């Protein structure tokens, strides 16, 4: 009895034979819907592409990083680095900073106008903590006025 089952298993069934025959007949055929899609694609490729001047009008373009000398953000609360509160080296102010990022360096500017470089901060820290720029200014003084300093 087991020999008969094994012999049947070795030979393909009638359904398998029909499937193989049908697959051989359909080997080089492409469905009509696919042929239409290919024809449309080829027609679109043959048409010349429309040339557009630029995506954004000039008044909406933001300057790139190489066109900007630096960025700054206000920092109202005290700045604590490595467990130590940062204070101005000249007047002792410890809050209401302007933090400037320029040429890979971070500078702190107090309300009075004293500036000191902060080596414990880097541009990665600045980028993580600053929000999106709300304005660009032609001069440093214009930016200070905009931020209220």
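Table for the structure above
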| item | result |
| --- | --- |
| Region 116-148, subset at pLDDT below 85 and farther than 13 Å from residue 72 by Cβ, residue farthest from the chain's Cα centre (by Cα) | 138 |
| Which numbered condition residue 128 fails, given (1) touching a residue at least 12 places away in the same chain (Cβ under 8 Å); (2) exposed (fewer than 12 other Cβ atoms within 10 Å of the Cβ); (3) more than 18 Å from residue 67 (Cβ to Cβ) | (1) |
| Residues that are in a helix (DSSP H, G or I) and either modelled with pLDDT under 75 or surrounded by 10 or more Cβ atoms within 10 Å (Cβ to Cβ) (or both), drawn from region 1-17 | 2, 3, 4, 5, 6, 7, 8, 9, 10, 16, 17 |
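One line per residue, one yes/no per condition, for (1) surrounded by 10 or more Cβ atoms within 10 Å (Cβ to Cβ); (2) in contact with a strand residue (DSSP E or B) (Cβ under 7 Å, 6 or more places away or on another chain); (3) in contact (Cβ under 8 Å) with a residue 24 or more places away in the chain; (4) not assigned by TED's automatic domain parsing to the domain that holds residue 115:
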position: 19; (1), (2), (3), (4): yes, no, no, yes
position: 37; (1), (2), (3), (4): yes, no, no, yes
position: 57; (1), (2), (3), (4): no, no, no, yes
position: 60; (1), (2), (3), (4): no, no, no, yes
position: 73; (1), (2), (3), (4): yes, yes, yes, no
position: 87; (1), (2), (3), (4): yes, no, no, no
position: 90; (1), (2), (3), (4): yes, no, yes, no
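The values are calculated or read from the model by the stated rules, or taken from the named source; none is laboratory data. If you're wondering where the values come from, they're calculated on a predicted model, not measured in any experiment. For neighbour counting, all protein chains shown are included, and Cβ atoms are generated from backbone atoms with ideal geometry for every residue, glycine included.
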